[in-house]
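To keep things clear, I will list the structure first and then write my remarks on it.
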Amino acid sequence: MVPVRATFEKRRRAKYISHLDLMRCMQRAFRRAGVPIWFTEGFNPHAYLMFPLALSLGCESGCECMDFRIDGDMPMQEAMERLNRVLPPDLQILAVAAPVRKHTDIAFADYAVRLDSEQPDALRTAWDAFIAQPEILVEKKTKRGTAQVDVKAQAEIQDVQTAADGLLLKLRLPAGTSVNVNPGLLTDAFLAWLPEHAPEVQTGTVHAERLAILCADGTPFA
């Protein structure tokens, strides 16, 4: 039995596949590809597939991870090639390797976010005023219900740039088993703040991409 960590991309139309549907898609892909995946034991055996960090719906990524075990002597590379032949083009495995870190080592995730606008300079001015607030409180769903969190204290704004078609943000957010913050909490709070504080600024679509999954020491999760 060979443990494998696959790095895959989730782009374009695939970004609208929910996490539950992603698991079902991958299970079907293993069956269609003929990759001998290991099944759990006990009263309800099922294919062992583990995704260390779920991706928010609507977010793209080129660094998603999936753990599985090959129950046989098939090489990892062959398993990847077989899976890619049956997976949709927007959902492709980029690399396979033996796992190095535990999923509990995940601490952060980096994101690139673009807020479309025909008024990029005005949008930047509004953003600077928004983020200058002492705190930005939002409602966040948890396993125990909802809780109010200060998303400004949790988000590290690494870069802000004005582009011809809007505003570009680079964020580092907590991620993992204890705290997990998605960029939509911050951008939704900003868009809700705009009509009252800068009603003249119009925005369009928000595009988000996960750039990296990181451990507490800042090294990539692998």
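Just so you know, all these numbers are worked out from the coordinates, no wet-lab data involved. These numbers come from a predicted model, not from an experiment. We place every Cβ from the backbone using ideal geometry, glycine too, and count neighbours over all the protein chains shown.
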Checklist entry - Extent of the range 1-113 along each principal axis, from alpha carbon coordinates, in Å, largest to smallest? => result 42, 31, 29
Next on the checklist: Please list 3J(HN,Hα) in residue order for the range 127-132, calculated via the Karplus relation 6.51 cos²θ - 1.76 cosθ + 1.60 where θ = phi - 60°; whole Hz, with x for glycine and proline.
Outcome noted: 4, 4, 5, 5, 6, 7
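Over all distinct alpha-carbon pairs, what is the Kirkwood Rh of the chain in angstrom?
Values: mean 1/r = 0.0523 Å⁻¹.
After inverting the pairwise mean of 1/r, the radius is 19.1 Å.
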Checklist outcome for this item: For the range 39-129, whose charge dipole is built from +1 on Lys and Arg Cβ atoms and -1 on Asp and Glu Cβ atoms, the candidate among 48, 77, 88 with its Cα farthest towards the positive end is 48
Checklist entry - What number, rounded to the nearest 500 deg cm²/dmol, is the helix-based mean residue ellipticity at 222 nm of the chain, given -39500 (n - 2.57) per DSSP H run of at least four residues and division by all its residues? => result -8000 deg cm²/dmol
